[in-house]
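The values are calculated or read from the model by the stated rules, or taken from the named source; none is laboratory data. Keep in mind the model is a prediction, meaning the values are calculated, not measured. Backbone-built Cβ (ideal geometry, glycine too); neighbour counts: all protein chains shown. Note: areas computed on protein heavy atoms with side chains; ligands, DNA, RNA excluded. Shrake-Rupley method; radii C 1.70, N 1.55, O 1.52, S 1.80 Å.
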Amino acid sequence: FFNKEGDFNNLTAAAYHKKTHLLVTGFASGVFHLHELPDFNLIHSLSISDQRIASISINCTGDWIAFGCSGLGQLLVWEWQSESYVLKQQGHFNSMVSLAYSPDGQYIVTGGEDGKVKVWNTSSSFCFVTFTEHNSGVTAVTFTSTGYVVLSASLDGTVRAFDLHRYRNFRTFTSPRPSQFSCLAVDSSGEIVAAGSQDSFEIFIWSMQSGRLLDVLAGHEGPISSLSFNPMKCVLASASWDKTVKLWDMLDSWRTKETLIINSDVLIVAFRPDGKELAVAALNGQITFWDHENAVQTGSIEGRHDLQMGRKELDKITAKQAAKGKSFTTLCYSADGQSILAGGLSKFVCIYNVKEQILMKKFEISCNHSLDAMEVFCVSKEMKDFFYSELVVNLLNHFQISLLGDMSYRHFKPEIRVTCVRFCPTGRSWAATTTEGLLLYSLDSGLIFDPFELDIDVTPSNIHKTLRQKEYTTAIVMAFKLNEKKLIQEVIEAVPSSEVDVVCSSLPDLYVEKLLEFLASAFETSCHLEFYLIWAQKLLMLHGQKLKTR
């Protein structure tokens, strides 16, 4: 049928729903058609992207159609009867470079090489706002201490401030001469914004309030690779490829500074959350720790072997040899300051104990073998074939060596790498931007709906009805079956304190443990302390012995 139309060459995806006789077809131009078979009646067609539609899926009832466009990283769910979107999400269509957590840990902001700044909700994993004002790749992003302002630095020579109340770009900071900004930092008050340049070797300081340039800090003799403000004082640490870390006092008009000499080019610098220690990662693969008050080195970690580089498909040297020139490119302290996260051009993120200076755990961020540099050892047959073909090419070109990893190849594999790691201020999770996307690792399993022995009668309306009839024990059991935290809290707080004793004695053993677990979490957040303590006391008085024997 499509061949008649002359469209068949552009058909890239199709799906058929048997019950409703729906045929959905997607094309290279980003258009999809909806036909009813067997007569091929066109129900409607719509353009949803300017890239090819890579995959289509229809849900079991045939109401919703999901589309994936791999070129731009789009995911769309379309309800065809009402002709409306159920879900619309798009990632960065180039690699993510930087990320930052909001102070409460609820949001993450990411910046990518596509020039976009995206803000994500950590509980739903959805992006809810995208800022597209930058004209070039974003190199660094950060939140201010209030959590309502996002800052981003870019290679287009601007640092922009975005307001998360009205979703607008309300400040744009620029330098007198155009500079490519490679790093960004904002002080704990949110008043002073600093950005480092990779071409003029200077650090620019602006006022957030007025948007004016306050100062230009010169002194480094190489590109500025990283900036970090001390969380407790107004001291800025700047790292550079000139093998130094400089400390600048923002409150002193002379900007008095201390210079720490490092053995190698400095790539990243990070303050401990209490501001008393400074971690520095250099090109030689070492992480060094400094007491910056006294300019004394307090420890070091030799991390190159822990990075465990992979061997690329076209590498002529082993992974072990290649690893000699590799180092950590991103560092971050945990919220308690006792451990440090480090990542770089490999598939591992390492977590070290700072005091003991030992590796505690290594996270493998991907097992995806369609990415390059995943294997430590290459399969010899592939290498052999490659060398023979390379030899032939070299002979034909009179020993002119062809460029390896040439972008004009029809296919090239993205290389596995970790561009940025950040610890959540709550200390319960950490995130990394990688070739695989934005990854979140958490101590809390984020199950929102986790029912327990659920049957058809257990609904929120039935639970409220049982409560009104004052059948408190039944209501609590039903609420735990549904396992919705808000509902459990509502039911328990509806029980009069005089009835707590009776309810506790009639509660089945299985739900006693569940209720105790709930109480433990409620103590940390609830203001009804005495009420919950009564519950805990009665439960343990009545069921303590049984729990002990179990």
Discussion item. Suppose we keep only residues that are among the aliphatic types (A, V, I, L, M) and at pLDDT below 95 within the range 283-295. Which one would you say is farthest from the chain's Cα centre (by Cα)?
Written reply: Ala295
Item to complete: Tally the residues that are within 16 Å of Ala185 (Cα to Cα) and of a type in the set (S, T, N, Q), restricting the search to the range 195-222.
Response: 4
Discussion item. Go through (1) under 24 Å from Thr146 (Cβ atoms); (2) assigned to a strand (DSSP E or B) for Ser225 and report which single condition fails.
Written reply: (1)
Worksheet, complete the sentence: Given the conditions (1) at pLDDT below 60; (2) open to solvent by 90 Å² or more (accessible area, probe 1.4 Å), every one holds for Val379 apart from (2)
Discussion item. One residue is enough: does the range 360-367 have a residue meeting the conditions within 14 Å of Arg417 (Cα to Cα), assigned to a strand (DSSP E or B) and open to solvent by 10 Å² or more (accessible area, probe 1.4 Å)?
Written reply: yes
Worksheet item: Looking at Ser125, is it out of contact with any Phe, Trp or Tyr (no Cβ under 7 Å at 6 or more places or on another chain), under 20 Å from Thr434 (Cβ atoms), in a loop (DSSP other than H, G, I, E, B) and open to solvent by 50 Å² or more (accessible area, probe 1.4 Å)?
Response: yes
Fill in: Matching residues, the range 271-298, being of a type in the set (D, E, K, R) and buried (at least 20 other Cβ atoms within 10 Å of the Cβ)
Arg272, Glu277
Item to complete: Just give me the residues in the range 35-66 being assigned to a strand (DSSP E or B), farther than 13 Å from Leu11 by Cα and among the hydrophobic types (A, V, I, L, M, F, W, C), in sequence order.
Response: Leu42, Ile43, Leu46, Ile58, Trp64, Ile65, Ala66
Discussion item. All but one of (1) crowded, with 17+ Cβ neighbours inside 10 Å; (2) at pLDDT 95 or above hold for Gly147; state the number of the condition that does not hold.
Written reply: (2)
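Results for (1) part of a strand (DSSP E or B); (2) within 26 Å of Asp372 (Cα to Cα), shown as yes or no for each residue.
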| site | (1), (2) |
| --- | --- |
| Ser253 | no, no |
| Thr259 | yes, no |
| Asn263 | no, no |
| Arg311 | no, yes |
| Leu341 | yes, yes |
Worksheet item: Could you say which residue among Leu507, Leu529, Leu542, Leu467 is in contact with a helix residue (DSSP H, G or I) (Cβ under 8 Å, 6 or more places away or on another chain), closer than 30 Å to Thr426 by Cβ and not assigned by the TED database to the domain that holds Ser124?
Response: Leu529
Worksheet item: Just checking, how many residues over the range 128-176 are part of a strand (DSSP E or B) and hydroxyl-bearing (Ser, Thr, Tyr)?
Response: 8
Discussion item. Go through the range 37-76 and report how many residues are open to solvent by 80 Å² or more (accessible area, probe 1.4 Å) and among the acidic types (Asp, Glu).
Written reply: 2
